[in-house]
Amino acid sequence: MQDTMKHFTKFIITRYANEQAYRENRPSNVPDAVTGEELPSVSVIEGNLLLNEGIALVWDLAIGAGGTAFNNANAYIGVGDSATAAAASQTGHQAATNLAYVGMEAGYPSRSAQTVTWRAVFDGSTGNFSWQEATVANGNSNSATNLNRRVSDQGTKASGQVWTVDVQITLS
């Protein structure tokens, strides 16, 4: 008999043309700020890589060894413009300058059965660059502990657009 543990991750990016559309919950296709190509109102990106530092902290929290939790007060979703392949030994974004970490929306993270969902809202003046990577961290910089990292070209966010990011991790 062999024990296995699996994790399944989804990053969900929802795009809004502006702040009013976000307040009215009207996602829409938006133009890429660089190419002008139409980006979909919602993108679902499956899969990611759990980072060694994040796994170690999750175990420390599970056994009461201490550490900073990935809760509403501490959790951030970060995005950056580096397309460097994800590696378990990484400790945050690989982007040098174009990166942004945004704290949790009220009520997040939340758990339903075996799935935890984190959500951050990147307003019209935050994260206006090419989105190539995303992570969940327990602080607002690369010096925080990053749980995971996903590399996926999601286009370039334009000033004024609002993009939300949901990260769902399911363990089974």
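You can think of it this way: the chain between R26 and S141 has 38.4 nm of extra reach, that is 0.36 nm per residue less the Cα-Cα gap. On the basis of the beta-carbon distance and an R0 of 22 Å, T97 and E37 show a calculated FRET efficiency of 0.35. Residues with amide H under 5 Å of N48's amide H, sequence separation 5 or more or different chain, H placed in the peptide plane at 1.01 Å from N; which? Answer set, sorted by chain and number: T9. Taking the three principal axes of the alpha carbon atoms in region 1-42, the coordinate ranges are 54, 27, 10 Å, sorted in descending order.
3J(HN,Hα) along region 146-152: 9, 6, 8, 8, 10, 10, 6 Hz, from the Karplus curve 6.51 cos²θ - 1.76 cosθ + 1.60 with θ = phi - 60°, whole Hz, x for Gly and Pro. For the chain, the percent of C-alpha pairs falling in each 10 Å distance bin, counted from 0 to the bin holding the largest distance, reads 11, 40, 35, 12, 3, 0. Given a 1.4 Å probe and every protein chain left where it sits, what share in percent of the accessible area of the chain is carbon and sulfur? For the chain, the apolar C and S fraction of the accessible surface comes to 49 percent. Entry comment: accessible area of the chain is 50 Å² per residue, from protein heavy atoms only and a probe of 1.4 Å.
When the Cα gyration tensor is reduced to axis lengths a ≥ b ≥ c, the ratio a/c is 1.5 or higher for region 72-172, and with a/b not above b/c it is classed as oblate.
The chain: longest stretch without exposed GluC sites (Glu not before Pro) (DSSP loop, at most 14 other Cβ within 10 Å), sites themselves excluded? Segment 38-172 is the longest.
The values are calculated or read from the model by the stated rules, or taken from the named source; none is laboratory data. Keep in mind that this is a model prediction, so the values were computed, not measured. A quick note on method: Cβ atoms are made from the backbone with ideal geometry, for glycine too, and the neighbour counts reach across all protein chains shown. For the accessible areas, the whole protein counts, side chains as well, though only heavy atoms, and no ligand, DNA or RNA atoms are used. Shrake-Rupley method; radii C 1.70, N 1.55, O 1.52, S 1.80 Å.
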